[in-house]
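S.K.: What follows is a structure written as structure tokens; I'll ask about it next.
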Amino acid sequence: MTSAAGTRLVLRGRGIVPGRVAGRALVSHETISGWGGIEPATGTIIERRHELYGVCFTGKVLVFPGAKGSSGWSGFFQSTRLMGTAPLAMVFTNLTTKAALGAIVTRVPTVTEFDDDPVAKIATGDRVEVDADNGLVIVYGPRPGHPR
């Protein structure tokens, strides 16, 4: 979908943590581990075999399939909020109790349960608006130099 304002796509889902923010997307095609998978002090993914190993999610809209690992996932993401290294928002496809609790304690706008797969439709660097109050993710773009 493209409009005069540059909207490329609107994804509809379910907001689980309210709020509205806009920023650049960071997309992972792999689930993310909390305990042992992220460094809360820096907001960096440290799971060695992860596609985003060494990449910082601080201040970005984190788009990913969901959480993996133990119930400690939420505690590690809560630590990112306490340390000021949290993502700007979370957009994920697989709603689990650990992912939902992680989003709640991180206190960032979060949308899940989409009508289409955000991991497939959003690219790292895309400008996105997360409107969790209304369960929407609006993708603007394409980003400069992106072929879409």
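S.K.: Checking the structure you have, find out if any residue of segment 30-37 is closer than 23 Å to ASP115 by Cα, of a type outside the set (A, V, I, L, M) and touching an Asp or Glu at 6+ places or on another chain (Cβ under 8 Å).
M.R.: yes
S.K.: Considering each residue of segment 82-103, count those that are at pLDDT below 95, open to solvent by 10 Å² or more (accessible area, probe 1.4 Å) and assigned to a helix (DSSP H, G or I), and give that number.
M.R.: 4
S.K.: Collect the residues in segment 27-46 that are in contact with a helix residue (DSSP H, G or I) (Cβ under 7 Å, 6 or more places away or on another chain), part of a loop (DSSP other than H, G, I, E, B) and within 23 Å of ALA120 (Cβ to Cβ), keeping them in residue-number order.
M.R.: Residue satisfying the conditions is HIS29 alone.
S.K.: Regarding ARG24, is this residue free of Cβ contacts under 8 Å to residues at least 12 places away in the same chain and either part of a loop (DSSP other than H, G, I, E, B) or not acidic (Asp, Glu) (or both)?
M.R.: The answer is no for ARG24.
S.K.: Sticking with this structure for a sec: For residues in segment 56-80 being open to solvent by 50 Å² or more (accessible area, probe 1.4 Å) and either among the aliphatic types (A, V, I, L, M) or part of a helix (DSSP H, G or I) (or both), which is modelled with the lowest pLDDT?
M.R.: Among residues in segment 56-80 that are open to solvent by 50 Å² or more (accessible area, probe 1.4 Å) and either among the aliphatic types (A, V, I, L, M) or part of a helix (DSSP H, G or I) (or both), the one modelled with the lowest pLDDT is PHE76.
The values are calculated or read from the model by the stated rules, or taken from the named source; none is laboratory data. Since we're looking at a predicted model, the values are computed, not measured. Ideal geometry is used to build each Cβ from the backbone, glycine not excepted, and the neighbour counts take in all protein chains shown. The area values use the complete protein model at the heavy-atom level, side chains included, leaving out ligands, DNA and RNA. Shrake-Rupley method; radii C 1.70, N 1.55, O 1.52, S 1.80 Å.
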